[in-house]
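Shown next, in structure tokens, is the structure this report addresses.
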Amino acid sequence: MNPARHMQTGRLLLRPVSYRDLSDLKMLKGDPRAYAVMLGGVRPPLVVAEELAGDIAAWSAQGYGMFALHSRENRHFVGIAGLQDRPDGRGVAMRFAIMAAEQGHGYAPEAASAVLRFGHEYRGLPRIVAVAREDNIASRTVLGAVGFVEYERFWRDDVEMIMFESLRGP
């Protein structure tokens, strides 16, 4: 498989998001159990479609973006993970979200590890950041498990946020 377009892990297939993912993305991003703590929170369907168009364009413009995650076993949609430029200019950020029914099965660290490797090794990014709410222990645990380290805290909308970074090794 071309690592620029597709990857796989022990249990997951990762491919750049496409319009065929729209219905799955509407379910994921419309579910507060999966998306309430994401930047911007739960999304209405029109916003999901607009974000998908931007995610598809990012792959062409930047050579990285969001991956749709599917189970290798049965090909069902598990969630998303990938890299996006942060709107606040703090760098290229890893993002991930897992369907509520699939949470707690280790898919997030598996996908995050693959995306981190993709960013550093295949795209040559020297620094990748990630942000999690201070009270989002699950995301913070995933980020720590794949090698991110905390380096900054800031407040957004009365919520303490933690910025993490991963630096490409020699």
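The values are calculated or read from the model by the stated rules, or taken from the named source; none is laboratory data. This structure is a prediction, so every number in the text was calculated from the model and none was measured. As a convention, Cβ positions derive from the backbone with ideal geometry for all residues, glycine included, and neighbour counts pool all protein chains shown.
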**Prompt:** Can you pull out the residues in segment 17-54 that are touching a Leu at 6+ places or on another chain (Cβ under 9 Å) and under 23 Å from ALA130 (Cβ atoms)?
**Reply:** VAL17, ASP21, LEU25, ALA34, TYR35, ARG43, VAL48, GLU51, LEU52
**Complete:** Counting only residues that are free of Cβ contacts under 8 Å to residues at least 24 places away in the same chain and hydrophobic (A, V, I, L, M, F, W, C), segment 149-170 contains a total of 3
**Request:** Kindly provide the set of residues from segment 124-138 that are at pLDDT 95 or above, assigned to a loop (DSSP other than H, G, I, E, B) and surrounded by 15 or more Cβ atoms within 10 Å (Cβ to Cβ), ordered by number.
**Result:** LEU125
**Prompt:** Can you name the residue in segment 77-122 that is small (Gly, Ala, Ser) and part of a strand (DSSP E or B) and is also surrounded by the most Cβ atoms within 10 Å (Cβ to Cβ) among such residues?
**Reply:** ALA81
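Would you confirm whether any residue within segment 7-20 is surrounded by 12 or more Cβ atoms within 10 Å (Cβ to Cβ), part of a loop (DSSP other than H, G, I, E, B) and among the aliphatic types (A, V, I, L, M)?
Let us first name the residues in segment 7-20 that are surrounded by 12 or more Cβ atoms within 10 Å (Cβ to Cβ), namely 7-9, 11-18.
Checking which are part of a loop (DSSP other than H, G, I, E, B) leaves us with 9, 11, 17-18.
Still in the list and also among the aliphatic types (A, V, I, L, M): 17.
Scanning segment 7-20 turns up at least one residue that is surrounded by 12 or more Cβ atoms within 10 Å (Cβ to Cβ), part of a loop (DSSP other than H, G, I, E, B) and among the aliphatic types (A, V, I, L, M).
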**Prompt:** Give me the pairs: first residue in segment 116-127 and without any contact (Cβ under 8 Å) to a residue 60 or more places away in the chain, second residue among the acidic types (Asp, Glu) and surrounded by 14 or more Cβ atoms within 10 Å (Cβ to Cβ), beta-carbon distance under 9 Å, and six or more apart or on different chains, which are they?
**Reply:** ARG127/GLU165
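Can you tell me which residues in segment 145-167 are in a strand (DSSP E or B) and either of a type in the set (Asp, Glu) or exposed (fewer than 12 other Cβ atoms within 10 Å of the Cβ) (or both)?
Narrowing segment 145-167 to residues in a strand (DSSP E or B): 149-156, 159-167.
Selection gives VAL149, GLU150, TYR151, GLU152, ARG153, TRP155, ARG156, GLU160, GLU165.
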**Prompt:** Of all residues in segment 26-70 being basic (Lys, Arg) and in a helix (DSSP H, G or I), which is nearest to VAL159 (Cα to Cα)?
**Reply:** ARG33
**Hits in segment 50-63 (condition: out of contact with any Gly (no Cβ under 6 Å at 6 or more places or on another chain) and either closer than 18 Å to ILE98 by Cα or of a type in the set (Ser, Thr, Tyr) (or both))** = GLU51, LEU52, SER60
**Request:** Report the residue count in segment 35-64 for those that are in contact (Cβ under 8 Å) with a residue 12 or more places away in the chain and closer than 13 Å to PRO16 by Cβ.
**Result:** 8
**Request:** Out of the residues in segment 51-67 that are surrounded by 15 or more Cβ atoms within 10 Å (Cβ to Cβ) and out of contact with any strand residue (DSSP E or B) (no Cβ under 6 Å at 6 or more places or on another chain), state the one that is nearest to LEU125 (Cα to Cα).
**Result:** ALA58
**Prompt:** Within the set of pairs 6 or more residues apart or between chains, which connect a residue that is free of Cβ contacts under 8 Å to residues at least 60 places away in the same chain inside segment 65-88 to a residue that is hydroxyl-bearing (Ser, Thr, Tyr) and in a loop (DSSP other than H, G, I, E, B) with Cβ atoms less than 6 Å apart?
**Reply:** LEU83/TYR64
**Fill in**
When (1) at positive phi; (2) within 14 Å of the chain's Cα centre (by Cα) are applied to GLY104, the one that fails is (2)
